[in-house]
Amino acid sequence: MENYKLFSPTDYRYKVNQLLDYLTEESFLNYKIKVEIALLQTLSDFNLCPEDVVKEVENAAKNIRVEEIYEEEKKIKHDIRAIVNVLKKNVSDKAKPFIHFCATSYDIVEPARCLMLKEATEKVIIPDMIELENIFIKQARKEKNTIQIGRTHGQHAEPITFGFFLSVYVERWGERILKVTDAKENLKGKFSGPVGCYNGISLFVKNVEKFENVFLEKLSLKPSRISTQIVPPEPMVDFVHSIISSFSVLANLSDDMRNLQRTEIGEVGEPFEENQVGSSTMPQKRNPINFENVKSAWKTFMPRIITSYSDQISEHQRDLTNSLSQRYIPELLVMFDSSIRRIKSIMEKIVVDKNNLKKNFNMSKDKIIAEPMQILLSFYGHPDAHEKIRQLSMKSYQTGIPLTEIVFQDEEIKKYIEKFSPEQRKVIENPKNYTGIARQKVNKICNFWEKKLKRI
């Protein structure tokens, strides 16, 4: 049975099993050990540590229990020194001096955190983002010809297609994939000592920056061009921003989709399982719970970007005010990926109600012609087409007579209508034809991102 005696819902309700190897406290500890090993390997490369010592510590590290390290930390009140002490307890006297040699804590923590976030993003989150993008593309293509009334300010505007609506999210989500990809690649490591001047290692190595480069290459990280005790915080801020701004796209989609599920709109519906319960008291309810859940998750984690901005401030060569706050970044990634997976499962099976789409379109189909009509009248010489159509629209509202009928009966306008081309007349006679290049745009956007994703 799983342990439910946990504080964070990300540990059980919204847990992503695929992220357990990357983002847990235990994983973070293992990444720190990996960095310590990389340091030993680099010392060996520069003839500062025997090869047999590296092998000995590598083997010892495989058998270290997490509990040992945390017990040590309880005693000494220092997380990195606890790792060092436990490693030293499990190796020979010959090996002990080389563990953590010339390193300060954040020569270990910074690379470990960056590697942890980079690999979690690379191995789990970006693949999930790409899968969702492919679902968006699939559904956009499927619905590219499905007429939908466009909405601005919550009011009916002009016709689009439901596929066009989705293709906007194809574009926005695709751009976020690129941003997240760039941001995780830009995470930086360091090995420059307590103040960033390579003071300790410079006692033994002439080209200290080369030492740092070799060390970080073993971890597939790039060095920061300059650092203090910590790397400049902006790459981490950019990374967090890339995640939260991507989360915001999911939140926007969720808002749109749950509003389209309103009883009086009913253009889409979440898939509903046979035994699923919508309400504890109203048996008939089928609530948009998944989209609402994602919106709520975003609302919880979006403000954490402020914390990242605050982490940019560190006094002089470093204070400790960013230490606790950065420990919560994994929680953000878990909730983000959990939300991606929830949206994937819903969008794959989203129900599109074409009858309601048609019904809602028909509510405004007569008034839609107002814009193309005033544009065409202006083109063919009417001196104040906008005002003319506004007046006729008001007459339509007041009398209930369809605007199309009023327009075609107006003697002043008849002489202009005679000048319209057959294609232009089709738009006035049937507003379904007034979709611009909605269908072509769906194809263009989907084609672009299909090609782009192949190169990621």
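Where a number appears in this text, it was derived from the coordinates with a stated rule and is not lab data. Because the structure is a prediction, the values reported are computed rather than measured. Cβ sites come from the backbone with ideal geometry, for glycine too, and all protein chains shown count toward neighbours.
Overall, segment 1-127 carries a charge dipole of about 280 debye about its Cα centre when +1 sits on the Cβ of Lys and Arg and -1 on the Cβ of Asp and Glu, all other atoms neutral. In a DSSP loop and with at most 14 other Cβ atoms within 10 Å, the GluC sites (Glu not before Pro) in segment 313-404 are GLU315.
Please report CYS446, CYS197, CYS114, CYS49 as a ranked list, fewest other C-beta atoms within 10 angstrom at the top and most at the bottom. If you can, show how the numbers build up before the last one.
Numbers: CYS446 24, CYS197 14, CYS114 28, CYS49 21.
Least to most surrounded, the residues fall as CYS197, CYS49, CYS446, CYS114.
With 20 Å as the limit, the listed pairs LYS62/LYS96; LYS142/LYS349; LYS142/LYS426; LYS55/LYS89; LYS34/LYS454 have LYS142/LYS426; LYS34/LYS454 beyond it between alpha carbons.
Angle of helix 234-260 to the longest C-alpha principal axis of the chain, folded into 0 to 90 degrees and rounded to 10: 30°. For the chain, the Kirkwood estimate of the hydrodynamic radius, built from every pair of different alpha carbons, is 26.3 Å.
The 3J(HN,Hα) values that the Karplus relation (6.51, -1.76, 1.60; θ = phi - 60°) gives for segment 424-436 are, in residue order, 5, 5, 4, 5, 5, 6, 9, x, 4, 7, 9, 10, x Hz. Gly and Pro appear as x. For the chain, a simple Cβ point-charge model (Lys and Arg +1, Asp and Glu -1, everything else neutral) yields a dipole of about 840 debye relative to the Cα centre. Residue farthest toward the positive end of the dipole of the chain, with Cβ of Lys/Arg at +1 and Asp/Glu at -1: which of ASN447, SER220, PRO402? So the residue furthest toward the plus end is PRO402. Computed packing ranks the peptides 244-250, 25-31, 6-12, 353-359 as 244-250, 25-31, 353-359, 6-12, most packed first, by mean other Cβ atoms within 10 Å.
Each Lys and Arg adds +1 at its Cβ and each Asp and Glu adds -1 at its Cβ; summed about the Cα centre, segment 299-372 shows a dipole of about 580 debye. The distance from the alpha carbon centre of segment 143-198 to that of segment 228-253 is 13 Å, rounded to a whole number. From the phi angles alone, apply the Karplus equation (6.51, -1.76, 1.60; θ = phi - 60°) to segment 76-81 and give each ³J(HN,Hα) in whole Hz, x where the residue is Gly or Pro. Coupling constants for segment 76-81: 9, 6, 8, 5, 6, 5 Hz. Hull volume per residue, based on the alpha-carbon atoms of segment 18-98 and their convex hull, is 95 Å³.
Projecting the Cα atoms of ASN199, THR181, GLN155 onto the charge dipole of segment 149-208 (Cβ charges, centred on the Cα centre) puts ASN199 farthest toward the positive pole. Compared with the dominant Cα axis of the chain, that is its longest principal axis, helix 105-120 is turned about 40°. Normalising by residue count, segment 365-433 has a Cα convex hull of 72 Å³ per residue. Taking amide H atoms as placed 1.01 Å from N in the peptide plane, the amide H of THR161 lies under 5 Å from those of GLN148, each 5 or more residues away in sequence or on another chain. Phi angles across segment 310-324 convert, under the Karplus curve 6.51 cos²θ - 1.76 cosθ + 1.60 with θ = phi - 60°, into 3J(HN,Hα) values of 5, 5, 5, 9, 9, 5, 6, 8, 2, 10, 9, 6, 9, 5, 5 Hz, Gly and Pro given as x.
Kindly rank 67-76, 175-184 from highest to lowest mean number of other beta carbons found within 10 Å of each residue.
Values: 67-76: 13.8, 175-184: 18.2.
Those peptides, ordered most packed to least, come out 175-184, 67-76.
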